[in-house]
1. Does the range 218-226 contain at least one residue that is within 20 Å of Cys65 (Cβ to Cβ), charged (D, E, K, R) and in contact (Cβ under 8 Å) with a residue 12 or more places away in the chain?
2. For the range 198-223, what are the residues that are under 16 Å from the mean Cα position of the chain (by Cα) and crowded, with 19+ Cβ neighbours inside 10 Å?
3. I'd like the residue in the range 192-227 that is β-branched (Val, Ile, Thr) and assigned to a loop (DSSP other than H, G, I, E, B) and, out of all such residues, is nearest to Ser28 (Cα to Cα).
4. Condition first: surrounded by 21 or more Cβ atoms within 10 Å (Cβ to Cβ), among the hydrophobic types (A, V, I, L, M, F, W, C) and within 16 Å of the ligand (Cβ to nearest atom). Now tell me which residues in the range 152-179 satisfy that.
5. Kindly provide the set of residues from the range 59-73 that are more than 13 Å from the ligand (Cβ to nearest atom) and within 14 Å of Pro231 (Cβ to Cβ), ordered by number.
6. Against the condition more than 13 Å from the ligand (Cβ to nearest atom) and either hydrophobic (A, V, I, L, M, F, W, C) or within 14 Å of the chain's Cα centre (by Cα) (or both), how does Ile87 come out, does it pass?
7. Which one of Ile128, Ile119 is surrounded by 18 or more Cβ atoms within 10 Å (Cβ to Cβ), within 14 Å of the ligand (Cβ to nearest atom) and outside any helix (DSSP H, G or I)?
Amino acid sequence: MKIIRFQMDGKEKTGLIEDLNIIELKSSVLESLNDINLDKFKKNSSYPLENIKIKAPVSPSKVVCVGLNYQDHAAELNMDLPQEPVIFLKPPTSIIGHQDSIIYPYSSHQVDYEAEMGIIISKKAKNIKEKNAGEFIGGYTVLNDVTARDLQKKDGQWTRAKSFDTFAPVGPVIETEMDPHNQNIFLKLNGEIKQDSNTKKMIFAVEELLEFISHIMTLNPGDIIATGTPPGVGSMQPGDRIEAGVEDIGVLENQIIRS
Ligand code: MG
């Protein structure tokens, strides 16, 4: 099922996508992720998907990102495979939704895209084991881990480079029923394919990441784990149109503009 958060009449609403329509739900996104029977939440209102203002599907307390998690990306960079995940955070203020604009900051001269699959946490998770990880996953989304590459190199640590407002486009939906271990993942820049891989090439699978991260920090409902980017990372310029996609989830589209 595809769960969506959208804006209508000045209000934020939750919906379920069926064909090309949104069926409005009474429940919040998090309530919807924690209940298998969504029929009881369905309202009598449905709207055609086109022209709907789609919001980022969750408002997390944090976005935990994994660096260098694709075998083919490590090969491209001539780097050894990491022994354990390298993680960093993006603040919730960096989040924007489908079709929102990424703002190119004046302090950077190289802003890169990174298409990633995002895990949406549905329940509070601390010290969980790989084998139970599924109980804490509400679904999956697409995330673009926008990075000011020059500042990342200059600073040596990543907070500034990863944290600008608008540097975490997320969406357009949460897919609740897919297999995360074999999904084509891609990115198109102005319609031209730049990244093209599959989540089966991840070094650390979704369940391993949950065990590793929840040992360090409590994951709250709505938190997002960005699972790393495949090869083909590159720069964007103001005016560019960026489409990041994961096979069963859909395509997250944004444009980049000058601040
Ligand atoms: Mg990344």
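1. yes
2. Thr199, Met202, Val206, Leu209, Leu210, Leu219, Pro221, Gly222, Asp223 - these are the residues of the range 198-223 that are under 16 Å from the mean Cα position of the chain (by Cα) and crowded, with 19+ Cβ neighbours inside 10 Å.
3. Ranking the qualifying residues of the range 192-227, first place goes to Thr218.
4. Ala161, Phe164, Phe167, Ala168, Val170
5. Gln71, Asp72
6. Answer is no for this residue.
7. Ile119
Read-outs: derived from the displayed coordinates by stated rules, not from any lab. As the structure is a prediction and not an experimental result, all values here were calculated from the model. Cβ: placed from backbone, ideal geometry, glycine included. Neighbour counts: every protein chain shown.
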